[in-house]
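Below is one structure, written out as structure tokens, with a few remarks after it.
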């Protein structure tokens, strides 16, 4: 057991003091007691004397010494799974020291959890005073702690709401070694086992191949997990410590011609639904990041407890069935602007919807042109005012310039689909949509809810206000179509009325933000409610839909030929 000691960490900006080691019956629990740091004073460089190059291993030494820190603050439930996956990973012959650094969490369970891990020979636990609330502050502190503990060849840090693939570090080090010997296009910056879905925001440069697979070069990169070298840290410096620290750091890397690099297939996954840094950012991020794509095999059991688009697509790999014996009433909601698309929409439903169809209903206004068209298509026309007798109280929805009266009215009509037809299942699709391939939405008692690309924070906020509970996840289920169970739909509407003591439509209207152009989604509301209240009856599956301009409407054969290889459906939008 190493001796208790005090020591100083000196930087150009300040001197931080390690006050003492604190045992409390444990083998090695540290308290890091420091004054809140000032921002790092730097233009594009900062002298980091505590990364002493003469003590750094040179060349191809095996094993390299690696220091890796988990930066912890609250969120116990995520942390449990994070550490389980971290410490059950395969480190082969790697020489890794782990640092669990807590930023003054108030949850007593975290302290007990970290005390348990402090018994490991390869792990150091630090309980720290609260830093400035920024990525820069906690990252700088972790680098100081690790560098004073030992001189490492590689420094790394990660978030506490990530799950680790067993091969995450082996593959990341393999990439780093290959880059060192082969990559000459730019200076090598941070390297990560995580490839974010935010492709445009992170400015992808290119995708490359190496011995173990593919990697991506980026100008900007998320930091759920990164590794860096001492040479890089000495050249680039520490971070600023404010709400713009990541942006400032990214600009610094560009000025110095560094690029960030990650494995193409993520070997960690970010499972946090919302970023805790939103409490301190000037502009909050609506939904926390997730992977562009995940490694398809070898994950431990922890990750299957969670749902985000990449986990559902790459690991659960749920696919829509191509045939079902569940009978459905098909309901198409028609807005007059979409009347030219309706014939192709109906043709695609008859050809590709692989359910026994009881009848097809078109819900729209009572104009002669719509009635005539429905007759020619051999579908049942339903006057929308026979379902909802008035658009009140939606007439004044929102500000005048973004009035959404008709849009909200259409959504309420879909939630009244139990009044159309006799079937217990309703397949609802917007008239501006076209199916491209054979598909069913129910199999063996499970209804598949589509995962779509239309995430909006306002929809999730509306759900929380209406049901007084959080959405079960932050996955969007808006795809212009959905299979609705009438029993579950009626249960949901009754539940809304019990909560608010109002008719369900009035309760929804009273709990959505009518000043926003997109304040509510009927599909999002239903999908999140049934996932929470009827979990055994529903699963998620990725539904690929592409939006096109209405000017690109063509014959169904033409659309299938050009788009069915990649997409399940097309949406023809008047605003494109």
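Residue check: residue 454 meets all listed conditions (1) closer than 17 Å to residue 529 by Cα; (2) assigned to a loop (DSSP other than H, G, I, E, B) but one, namely (1). Kindly evaluate residue 498 against the criterion of being more than 20 Å from residue 477 (Cβ to Cβ), modelled with pLDDT of 95 or more and either assigned to a loop (DSSP other than H, G, I, E, B) or more than 30 Å from the chain's Cα centre (by Cα) (or both). It is true that residue 498 is more than 20 Å from residue 477 (Cβ to Cβ), modelled with pLDDT of 95 or more and either assigned to a loop (DSSP other than H, G, I, E, B) or more than 30 Å from the chain's Cα centre (by Cα) (or both). Among all residues of segment 530-541, there is none that is in a loop (DSSP other than H, G, I, E, B), under 27 Å from the mean Cα position of the chain (by Cα) and touching a residue at least 60 places away in the same chain (Cβ under 8 Å). The residues in segment 378-412 that are assigned to a helix (DSSP H, G or I) and either in contact with a helix residue (DSSP H, G or I) (Cβ under 7 Å, 6 or more places away or on another chain) or modelled with pLDDT under 60 (or both) can be counted, and the count is 7.
Could we say that residue 337 is outside the structural domain of residue 350 (by TED's automatic domain parsing), within 30 Å of residue 416 (Cβ to Cβ), surrounded by fewer than 19 Cβ atoms within 10 Å (Cβ to Cβ) and out of contact with any helix residue (DSSP H, G or I) (no Cβ under 6 Å at 6 or more places or on another chain) here? I'd like the intermediate steps shown before the answer.
On the way: outside the structural domain of residue 350 (by TED's automatic domain parsing): no; within 30 Å of residue 416 (Cβ to Cβ): yes; surrounded by fewer than 19 Cβ atoms within 10 Å (Cβ to Cβ): yes; out of contact with any helix residue (DSSP H, G or I) (no Cβ under 6 Å at 6 or more places or on another chain): yes.
The answer is no for residue 337.
Taking residue 164 as the residue in question, decide whether it is surrounded by 21 or more Cβ atoms within 10 Å (Cβ to Cβ) and assigned by TED's automatic domain parsing to the domain that holds residue 271. So residue 164 passes the test.
Can you confirm whether segment 466-477 contains a residue that is more than 17 Å from residue 331 (Cβ to Cβ) and assigned to a helix (DSSP H, G or I)? Break it down stepwise before answering.
Within segment 466-477, the first condition is being more than 17 Å from residue 331 (Cβ to Cβ), and the residues that meet it are 466-477.
Filter again for assigned to a helix (DSSP H, G or I), leaving 466-467.
Within segment 466-477 (the criterion being more than 17 Å from residue 331 (Cβ to Cβ) and assigned to a helix (DSSP H, G or I)), the answer is yes, since at least one residue qualifies.
You will find that of 515, 542, 555, the residue that is farther than 21 Å from residue 415 by Cα and crowded, with 16+ Cβ neighbours inside 10 Å is 542 and no other.
For the structure I just gave you, tell me whether residue 191 is over 28 Å from residue 307 (Cβ atoms) and either in a strand (DSSP E or B) or out of contact with any strand residue (DSSP E or B) (no Cβ under 8 Å at 6 or more places or on another chain) (or both). Explain how you work it out, then say what you get.
Values: over 28 Å from residue 307 (Cβ atoms): yes; either in a strand (DSSP E or B) or out of contact with any strand residue (DSSP E or B) (no Cβ under 8 Å at 6 or more places or on another chain) (or both): yes.
Taking the combined requirement at face value, the residue satisfies it.
Within segment 228-245, at least one residue is in the same structural domain as residue 151 (by TED's automatic domain parsing), at pLDDT 90 or above, under 26 Å from the mean Cα position of the chain (by Cα) and outside any loop (DSSP other than H, G, I, E, B).
Determine which member of the set 77, 121 is within 24 Å of the chain's Cα centre (by Cα), loosely packed, with under 15 Cβ neighbours inside 10 Å and either outside the structural domain of residue 301 (by TED's automatic domain parsing) or free of Cβ contacts under 8 Å to residues at least 60 places away in the same chain (or both). Let's see the steps before the verdict.
Values: 121 fails: within 24 Å of the chain's Cα centre (by Cα).
It is 77.
Can you name every residue in segment 205-215 that is surrounded by 12 or more Cβ atoms within 10 Å (Cβ to Cβ) and part of a loop (DSSP other than H, G, I, E, B)? If the condition is that a residue be surrounded by 12 or more Cβ atoms within 10 Å (Cβ to Cβ) and part of a loop (DSSP other than H, G, I, E, B), then 212 is the only one that fits. Restricting attention to segment 133-158 and to residues that are part of a loop (DSSP other than H, G, I, E, B) and within 26 Å of the chain's Cα centre (by Cα), the residue that is modelled with the lowest pLDDT turns out to be 133.
Restricting attention to segment 126-149 and to residues that are closer than 15 Å to residue 224 by Cα and touching a helix residue (DSSP H, G or I) at 6+ places or on another chain (Cβ under 6 Å), the residue that is surrounded by the fewest Cβ atoms within 10 Å (Cβ to Cβ) turns out to be 134. Residue 202 passes every criterion in (1) buried (at least 19 other Cβ atoms within 10 Å of the Cβ); (2) at pLDDT 95 or above; (3) within 26 Å of the chain's Cα centre (by Cα) apart from (2).
The values are calculated or read from the model by the stated rules, or taken from the named source; none is laboratory data. Here the structure is a predicted model, which means the values were calculated and not measured. Positions of Cβ are backbone-derived with ideal geometry, glycine not excepted, and every protein chain shown enters the neighbour counts.
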